[in-house]
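What follows is calculated from the coordinates using simple rules that are stated; it is not laboratory data. These numbers come from a predicted model, not from an experiment. Here the Cβ positions follow ideal geometry from the backbone for every residue, glycine too, while neighbour counts run over all protein chains shown.
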Amino acid sequence: MNHAPLVRVESLVKHFRLPGGWLSGGAQILHAIDDVSLEIYPGQVLGLVGESGCGKTTLGRCLLRLVDPTAGRITFEERDLLALKGAELRRLREEMQIVFQSPLSSLSPRFKVFDCVAEPLQTHRRLTRAELESRVRELLEQVGLGRQHLDRYPHELSGGQCQRVAVARALALSPRLLVLDEPTSALDVSVQAQIINLLAELRAQRGLTYLFISHDLGVVQYISDRICVMYLGKLVETGPSDAIFDAPRHPYTQALISAISLPEPGAARNRIVLKGAVPSPVNPPPGCRFHTRCPLAQARCRVEEPTLRSVEKGRMVACHFA
Ligand code: SF4
């Protein structure tokens, strides 16, 4: 791709200090993100996948400065996001919005649909009442809702309609980047497809850029141009979506994809079942963090950490044997 990245993340680290009791020997450090670098190009959908607790949501929140990283650098169109303060940061935040997993909890139950969508415009734009009403109606139309929804409260809507309102609200300030944090995982399967289609249409119409965070590889495959797979705070594989699904190179990605792939008719399902639970990010394993569950682990994996290295054009894998 010829464009410069819209977002560049370099060596990002986010550790949380947890208060500890005397049994645990004092404060502990939770390693949510450790040395993650990635780029998101204009108009691209980057899928960020991994099991719950792998750090993907924290990474999305660091991009929006909802949490401050411990170390590393984030730039948005070459502007150093972590150096911005006050009005400059507020202006840049208008260009980056987030849609959360649970639409009901992200919308105020006291606000009608009109107010939910109008609120960012009232805060950041000087519009007449007529302009505001027209803009809210236009935004609702873009997400497939009509005037009949304007006076309803979130609890009077279905989950899918609530998520449409959340998307309309996120689009109100005409952002360039949307961080979509598990935007469909609280919805029924049939509604999930509608929301994914809506997001794909909006992206095409408005030239939006998405960071699509999900534990559901099936959903990510459908909408993403590129994919980053995360395990226990680290990226383990990155590359074009099609290439990763055709031939995953990291054992963790292989296991995730085997869980959603349907075999050819008549063929046996070749599912890789990972044994054991994800280790605690408070005390990640030495060497390769995946070695406690990896079916291919060898002695070297327990002591030597693999680096994320290029294995072919546009693809990187963190495994000694990829
Ligand atoms: Fe598995 Fe070893 Fe590769 Fe880690 S480095 S993914 S433990 S084979």
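Quick one: grab Rg to one decimal and Dmax as a whole number for the stretch 65-224, Cα atoms only, in Å.
Taking only Cα atoms of the stretch 65-224, I get Rg and Dmax of 16.0, 48 Å.
Sorted by packing (mean other beta-carbon atoms within 10 Å per residue), highest first, where do 241-253, 300-312 land?
Put in order of decreasing packing, that is 241-253, 300-312.
Could you list LEU12, LEU180 so that the one with the fewest beta carbons within 10 Å of its beta carbon is first and the one with the most is last?
Lowest count first: LEU12, LEU180.
May I ask you to order 70-79, 284-293, 219-228 by the average number of other C-beta atoms within 10 Å around their residues, highest value first?
Listed from highest to lowest mean packing, they are 219-228, 284-293, 70-79.
Provide the gained length on full extension for the span ASP151 to LEU66, in nm with one decimal, where the gain is 0.36 nm per separating residue minus the Cα-Cα distance.
Gain in length upon complete extension: 27.6 nm.
Once both labels are modelled 7 Å past Cα along the beta-carbon direction, what's the GLN298-SER134 spacing in nm?
6.9 nm
How do ASP68, ASP181, ASP35 line up, fewest other C-beta atoms within 10 Å first?
With the sparsest Cβ surroundings first, the list reads ASP68, ASP35, ASP181.
Percentage of Cα-Cα pair distances in the stretch 102-174 greater than 21 Å, rounded to whole percent?
Everything past 21 Å amounts to 14 percent.
Take the Cα coordinates of the stretch 142-239, assign each an equal point scatterer, and use the Debye formula without solvent to give log10 I(q)/I(0) at q = 0.11, 0.13, 0.17 Å⁻¹.
Summing over Cα pairs of the stretch 142-239 leads to -0.36, -0.50, -0.81.
Just round it to a whole percent: the fraction of Cα-Cα distances in the chain exceeding 25 Å.
So the pairs more than 25 Å apart make up 54 percent of the total in the chain.
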